[in-house]
Amino acid sequence: MDNMTFVLFGGTGDLAKRKIYPALYNLFIDKKMPEAFSIIALGRREQSSADFQQNVAKSLQTFSRRTVNDPATLEAFLQTIRFTVLDANQVEDYHKLRSLVESREQELNIPQNRMFYLSVAPEFFDVIALNIKDSGLGSTSGWKRLIIEKPFGHDLQSARHLNEQLSKAFDESEVYRIDHYLGKPMVQNLEILESSNPILKALWSNHHIANVQITASETVGVEERAGYYDNSGAIRDMVQNHLLQVLMMVSMRLPGRGDANEVRMKKKNVMQSLRPLQKEDIAKNVIRGQYAAGQMQGKPVPGYLDEPGVPAGSKNDTFIATRLWIDNYFWSDVPFYIRTGKRMKEKSTRIVIEFKEPLKGQNTTNDPNLLVIEINPNEGIFMQLNKKNPRNDSKLEPMRIHFHENGKDVPEAYENLIFDAVRGDSTFFAHWDEVELSWQYVQPILDAFEEDSVPLHQYPAGSNGPEASDQLLAEDGFKWWLDT
Ligand code: BG6
């Protein structure tokens, strides 16, 4: 792994404190950081590097996956960090930053390999990228890379515009777009599950699979984020990025273990095979919901419209369920269902693969075979098969074979992703083609919501979403599995 400098824009922000420093620290402990590296954190308010290091120490104590109990390791990590003030719009500040980066490179005798992590509001993405270029910070004798977080655009047009701007300063191969779902261990496992298990590989297509259900339900409501969320909704916040990425990961067919390029091509193929939604099909295939008042764990909670900061009469979607078709050789005629919502009964991100039941309709009491991949909060896999119950007249009943990953020592999504970016592996990042194709898929839905041509169903907080979402599957003879 190359020695390098990690420049963090938004170094005093919430994401940095909760996720990025803890990830870097845990990678450091695991010896998954380069031998010599420097971290330069940027923020708007002046403070000394020494004070800043103490703030990072506090964040680590609160948010690190591992307990911070070795003072020498902590100190060695903190010593890699420097803080400097930067106003994203001030060109001179980038020149000062450049001097600092260069002086640290000389001090540590490391090459000009520079990672720029933009943990900032999206309106700063292009400003910062262009200033990196104009100030010469991006003209290195080593490599340069850019990490950005979602949201990548607000719709197809703005995403394209942003990409054009970024590509003035960085080549596509240098851009690492984080989708934290792609960092989740079980999502990273999908490729391996399919490609290195002949049993599953043989079954992984429309010959044997009846439908695929991807759920990301949350118990939290809009929280303090109405300003962002009310302009975004579940469709932009979860579907366009996280859930379509999971869909690609589960349905791409790799001949063996793929490298970044192969994965990118296969994911792109999936997106190109997605059946586009015509205007008249949207209301039939997309269920839009918004939570009303209800009960969460026995306590009453307000509806979306009564949450702080939500505009009166907002028609924002806090729930989406949708049916998609991948019209390719492997998946034609297999419905994929995606569902996500806030204030749902339980926090659960999972994929359920329901297998075809050859004897369906022939007086059998078989339950279908299921393969369930639990992504969050539990990480695990289980299979549902059928067996006889010897205690009950040998009646047929389903049984479940479980595997659970022990959570404590599993690296977090941000550790996986930062580690990959540092070593230049873009397998688990969202590439531009996929992002553009995802926006293309979602755009007609955004337009329909804008025109209000899709019903907005209310669902009580603490439920499994609107009934219309159950109806969507019932139309095809299916149901959502594992709803409690
Ligand atoms: C974020 C969304 O990207 O993902 C949030 O902006 C959502 O609204 C979160 O709560 C869900 O992530 P996770 O990892 O808890 O499933």
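The figures follow:
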| quantity | calculated |
| --- | --- |
| Any hit, segment 326-337, residues being within 16 Å of the ligand (Cβ to nearest atom) and outside any loop (DSSP other than H, G, I, E, B) | no |
| Hits in segment 53-79 (condition: out of contact with any helix residue (DSSP H, G or I) (no Cβ under 7 Å at 6 or more places or on another chain) and either under 30 Å from Glu123 (Cβ atoms) or of a type in the set (A, V, I, L, M, F, W, C) (or both)) | Asn55, Lys58, Thr62, Ala72, Ala76 |
| Selection within segment 434-455 - part of a helix (DSSP H, G or I) and polar (S, T, N, Q) | Ser438, Gln440, Gln443 |
| Residue selected from segment 175-192 under the condition in contact with a strand residue (DSSP E or B) (Cβ under 9 Å, 6 or more places away or on another chain) and surrounded by fewer than 18 Cβ atoms within 10 Å (Cβ to Cβ), by the criterion nearest to Ala293 (Cα to Cα) | Pro185 |
| Segment 227-253 residues that are touching a residue at least 60 places away in the same chain (Cβ under 8 Å) and assigned to a helix (DSSP H, G or I), paired with ones that are of a type in the set (Lys, Arg) and more than 8 Å from the ligand (Cβ to nearest atom) (beta carbon under 6 Å, 6 or more apart) | Met248/Lys267 |
| Pairs with Cβ under 9 Å, 6+ apart, first in segment 309-337 and under 17 Å from Tyr291 (Cα atoms) and in the same structural domain as Glu467 (by the TED database), second modelled with pLDDT of 95 or more and acidic (Asp, Glu) | Gly309/Asp230; Val310/Asp230; Pro311/Asp230; Ser314/Asp230; Lys315/Asp452; Asn316/Asp230; Ala321/Asp470 |
| Residue count for segment 279-316, restricted to those that are within 17 Å of Gln443 (Cα to Cα) and assigned to a helix (DSSP H, G or I) | 7 |
| Single condition Ala260 does not satisfy, out of (1) away from the ligand (no atom under 12 Å from the Cβ); (2) aliphatic (A, V, I, L, M); (3) touching a helix residue (DSSP H, G or I) at 6+ places or on another chain (Cβ under 7 Å) | (3) |
| From Tyr181, Tyr176, residue being within 20 Å of Tyr414 (Cα to Cα), within 16 Å of the ligand (Cβ to nearest atom), touching a residue at least 60 places away in the same chain (Cβ under 8 Å) and not assigned by the TED database to the domain that holds Met115 | Tyr181 |
| Test: residue in segment 37-58 that is acidic (Asp, Glu) and more than 21 Å from Asp87 (Cα to Cα) | no |
| Selection count where residues are among the charged types (D, E, K, R) and either within 16 Å of the ligand (Cβ to nearest atom) or under 30 Å from Glu357 (Cα atoms) (or both), scope segment 413-427 | 1 |
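This table checks each residue for (1) assigned by the TED database to the domain that holds Gln112; (2) part of a helix (DSSP H, G or I); (3) modelled with pLDDT under 95; (4) over 25 Å from the mean Cα position of the chain (by Cα).
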site	(1), (2), (3), (4)
Leu8	yes, no, no, no
Lys17	yes, yes, no, no
Leu24	yes, yes, no, no
Pro34	yes, no, no, yes
Gln47	yes, no, no, yes
Ala50	yes, yes, no, yes
Ala57	yes, yes, no, yes
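The values are calculated or read from the model by the stated rules, or taken from the named source; none is laboratory data. Predicted, not measured: the structure shown is a model, and the values here were computed from it. Positions of Cβ are backbone-derived with ideal geometry, glycine not excepted, and every protein chain shown enters the neighbour counts.
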